[in-house]
1. On a 0 to 90 degree scale, rounded to 10, what angle separates helix 87-103 from the longest Cα axis of the chain?
2. How much length is gained if the chain between residue 101 and residue 65 is pulled fully straight, taking 0.36 nm per residue apart and subtracting their Cα-Cα distance, in nm to one decimal?
3. Order 32-40, 15-23, 78-86 from most to least packed using the mean count of other Cβ atoms within 10 Å.
4. How big is the convex hull of the Cα atoms of the chain, per residue, in Å³?
5. Along the charge dipole of the chain, which of 7, 67, 57 sits closest to the positive end, that is, farthest toward it, with unit charges on the beta carbon of Lys, Arg, Asp and Glu (+1, +1, -1, -1)?
6. With a 10 Å Cβ neighbour count serving as the proxy for reagent exposure, in which order, fewest first, do 2, 25 appear?
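Bear in mind that the values in this text are calculations on the coordinates, not laboratory data. Please read these numbers as outputs of a predicted model, since none were measured by experiment. Glycine also receives a Cβ, built like all others from the backbone with ideal geometry; neighbour counts cover every protein chain displayed.
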Amino acid sequence: QYAALAAIAAHPSIDQITLAGLIAYDRTTITGVIDRLAQKGLVVRQASARDRRSRELLITDEGRRTLDAITPAVEAAQRLMVRGLSDAEARELVRLMQKAIAAGNELSRAPLREGASER
């Protein structure tokens, strides 16, 4: 839910399919995630002005407050995962993990789309 909320905040009016590709979620999973975020009042769906068949996603004020409140905890958890490494080693680990993930991306049920964010 954090990845989806952060991506919606970074890409206002993103549609659900594009969001799924951006954060490498399959369509079934992203539907449930968006349903939960909407039920909590953190995002809203609205009809797209560009495509009447599509619904755009927007973060609400409550969603922004929630994202701002939980981001420090997410960042702390990420630092904790690499606590035995120097900053340079942590960056190298992330680089190598991204390389390995990219090599198997086409095997994924929900491949990350080209040019997607790092979230």
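1. 60 degrees
2. Working: separation 36, 0.36 × 36 = 12.96 nm, distance 3.16 nm.
Additional length available on full extension: 9.8 nm.
3. Numbers: 32-40: 15.6, 15-23: 18.8, 78-86: 10.0.
Top of the packing list down: 15-23, 32-40, 78-86.
4. Numbers: hull volume 13.9 nm³, N = 119.
Normalising the Cα hull of the chain by residue number yields 116 Å³.
5. 57
6. Details: 2 15, 25 22.
With the fewest neighbours first, 2, 25 line up as 2, 25.
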